[in-house]
1. Per-residue HN-Hα couplings for the range 263-280, Karplus 6.51 cos²θ - 1.76 cosθ + 1.60 at θ = phi - 60°, whole Hz, x for Gly and Pro?
2. Using Cβ counts within 10 Å as a stand-in for footprinting exposure, how do ILE278, ILE443 rank, fewest first?
3. Which shape class applies to the range 107-208: rounded if a/c is under 1.5, otherwise prolate when a/b exceeds b/c and oblate if not, where a ≥ b ≥ c are the square roots of the Cα gyration tensor eigenvalues?
4. Based on the Cβ-Cβ distance of THR343 and TYR102, what FRET efficiency does E = 1/(1 + (r/R0)^6) give at R0 = 45 Å, to the nearest 0.05?
5. Note the full-extension length gain between THR200 and LEU392 as 0.36 nm times their separation in residues minus their Cα-Cα distance, in nm to one decimal.
6. Obtain the nm distance between the two label points defined at SER427 and LEU401 by a simple spin-label model: each point lies 7 Å from its Cα along the Cα-to-C-beta direction.
7. Using Cβ counts within 10 Å as a stand-in for footprinting exposure, how do ARG433, ARG157 rank, fewest first?
8. Just to confirm my numbers, what's the Cα centroid distance between the range 395-441 and the range 287-344 in Å?
Amino acid sequence: MVQSLAWLVASVFVVDTVAAANGLTLSKGPRDTLAIPRWLYLTTGGATIGASALLASFVTDRTFVRDVHSWSRALPTVEQWWEPMTWLTRGLGVGALALAVYLGFTGPELPTASFPILLAFTGLRAGLPIATYLVGNAWPLLNPWRTIATVLPAGFREYPRWLHRWPAVAGLLALVWAEVIFPVSTVPSTLATGIVLYSTMTIAGALLFGPASWFDNADPLSVLFGLYGAVAPIQRHNGTLRVTPPGSGLRNSDVVSDTSDVAFIVALIWELTYSGFITTSAGATAIESLVGIAPFEVVNVETRAIAVYTLLFLCGYAVFLCAYWYAGRVSRRSTDTYVTVRTIGFRFAPPLLAIAAGYHLAHYAGLFVSLSPALATALAAPLSPPANPSVLSVPSWFEGLSIAAVLVGHLLSIWVTHAVAYDVFSSRLVAIRSQYPFVAVMIGYTMISLWILSLPGATPPYLP
């Protein structure tokens, strides 16, 4: 909620540029034409998920499933150098934040040479989440707002428990909406204004309620990296780092403890689906058609477009969220179990994070590789940006990597869902049957994502 208000305030300051698109992250180039019919391509992807669920159902040995997910190996201890490294990392985070604001207002306007834009989108939007779910979560150390709040007097009021993580859900949706509507990846000063507003609201909330409560519940970036970190193979347990099978952390019952956690996870999946859709030819056509029939003829076309983008974003999220909870209801009804829909929904939500990670890798791996030289140059010499920053051309086989990322994410989700079902239900048959509605939802997610990846790319209309 706080982040939502921050972005609404931001719209007052940048109203003249509100119709500019986020070109760095939303513009897409043309894709190669499919060599096979699209219906066969989509059916094959959906069948792959269905077949993997069927194969997983044959693994009925509870001991084997438990042993696979409980395996771990401790990494070498780091007590001697952990504290100095911690403060060094925190100092780098605070320094990067200060430079991003300063260079946003005074630095070059070229997006691929702008330190704040490269740091925010190539680093924070693309690279760091990839490192988080593939390796481990380092955001608690890098988080500059948490570092600042830690050294200041804080905790004047207790965080309202009834809010849970709903502020983080509202904040995530507001950030994604702002990424689409505002030119935050093309105009450094607009991004810097957003960073200042976000920083003000975040530090104020952390000082009011305490850093631990705020960043564990209300800050969307901290919640995002914390959930993505549950997918990673490196986990921290009792002060030590341990290597575990990827996704094993998703089996823990404490990953999701409230309806707001489910809403946040579904939002992660939907925002990537939405961002992918509006950058395709079909998405552009749909937006143009909806803007043409929008019953707001008294306002200009840009305002109507913003309304269409917003309604599509919110309505699509509502559909995704309702589909998930409906699957929970069907699961309980089909198994005739004493376990409540709420409990089923909580336990089966964490595996969706593997799907979100696959979606993210599919959408942002190419962006990160393409702009990584420019990011490296900006980090090495932020005050002396090159006139012609280096940008790599992503090879065509990256399209295959995107498809593979979507499928692998779903396959991992299927396996973790299978393991969770055996934790929740004592009967093997009930455990297997409980998964069917969620597998159906996953197949739907898969086919939608593969369909989006198969469409020609396009720039979102009315957001030049």
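Derivation of every value follows stated rules applied to the coordinates shown; laboratory data play no part. Everything numeric in this text was worked out from a predicted model, so none of it was measured. Here the Cβ positions follow ideal geometry from the backbone for every residue, glycine too, while neighbour counts run over all protein chains shown.
1. Per residue, the Karplus-derived 3J(HN,Hα) values read 4, 5, 5, 5, 5, 4, 5, 5, 5, 6, 5, 5, 4, x, 5, 6, 9, 10 Hz.
2. ILE443, ILE278
3. Values: a/c = 1.71, a/b = 1.54, b/c = 1.11.
Prolate is the answer for the range 107-208, as a/c is 1.5 or above and a/b outweighs b/c.
4. So the FRET efficiency works out to roughly 0.35.
5. 65.6 nm
6. Going from the SER427 label point to the LEU401 one covers 4.7 nm.
7. Lowest to highest Cβ neighbour count: ARG157, ARG433.
8. Result: 23 Å between the Cα centres.
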